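Reviewing the structure listed below.
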């Protein structure tokens with residue numbers, strides 16, 4: 001089993017499926033993934049309610065990436081609640097397992113709680129060691145990465161389509177295509193940790209490795 005590198009405080013690796021893959025589930029992957037994708041969508045845009053006196057207040061939002069309150073917490077209190085970190089990381093791991101399944105990197109159905117073959121390591125930050133003002137501009141500093149990730153993401157989608165045909169004929173995922181898509185996952189994780197999860201002040205490297 002491969003383990004993620006720890007040179008950057010957010011690391012990702014996915015075990016290469018060095019075995020014949022399931023042609024049937026690969027062929028119908030866009031349909032097979034629907035149930036777990038619905039669960040992920042509900043978790044990522046949850047609706048919740050609470051009572052204030054005699055009123056009931058409803059609020060909807062992105063449950064996984066509640067960025068603005070976290071920015072304010074770091075800015076004014078220099079605190080990063082552990083439960084907040086654990087929830088965000090757990091949801092991010094779940095999302096990556098679903099995407100790895102969608103892009104045919106693995107053919108075991110995504111688990112809602114077990115890491116399976118997708119290994120993600122994000123270091124819990126010392127909020128006092130983080131620059132309290134940097135979260136205000138991290139989204140702006142990350143723009144070059146976001147532009148490149150759009151291009152790389154298109155390439156990953158094309159690579160997945162090519163891999164789909166390869167799996168149907170050979171039951172194998174071409175290693176070069178696999179490594180490229182995992183590299184895009186890894187790059188995306190580092191950018192997310194820097195600009196959205198706000199767990200590190202280290203600027204992400206421009207690298208797939």
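For this structure, a couple of remarks:
- Averaging the sequence gap over all C-alpha pairs within less than 8 Å and six or more residues apart, then dividing by the number of residues, gives the chain a relative contact order of 29 percent.
- Choice from 198, 130, 103 with maximal GNM fluctuation in the chain (Cα, 10 Å cutoff): 130
- Helix 82-102 and the longest principal axis of the Cα set of the chain meet at an angle near 20°.
- Comparing 33, 122, 147 in a Gaussian network model of the chain where C-alpha atoms under 10 Å apart are linked, the largest mean-square fluctuation is found at 147.
- 222 nm mean residue ellipticity, helices alone, for the chain (DSSP H n ≥ 4; -39,500 (n - 2.57); rounded to 500): -15000 deg cm²/dmol
- Once the Cα atoms are used to define both axes, helix 175-195 deviates from the longest principal axis of the chain by about 0 degrees.
- Here the average projected area of the convex hull drawn through the C-alpha atoms of the chain stands at 13.0 nm².
- Calculated over segment 92-209, the projected area of the Cα convex hull averaged across directions stands at 7.8 nm².
- Degrees between helix 143-170 axis and first principal axis of the chain (Cα, 0 to 90, nearest 10): 30 degrees
- Choice from 143, 36, 181 with maximal GNM fluctuation in the chain (Cα, 10 Å cutoff): 143
FYI, it's all coordinate maths here, none of it is from the lab. In this text, all values refer to a predicted model and were calculated from it rather than measured experimentally.
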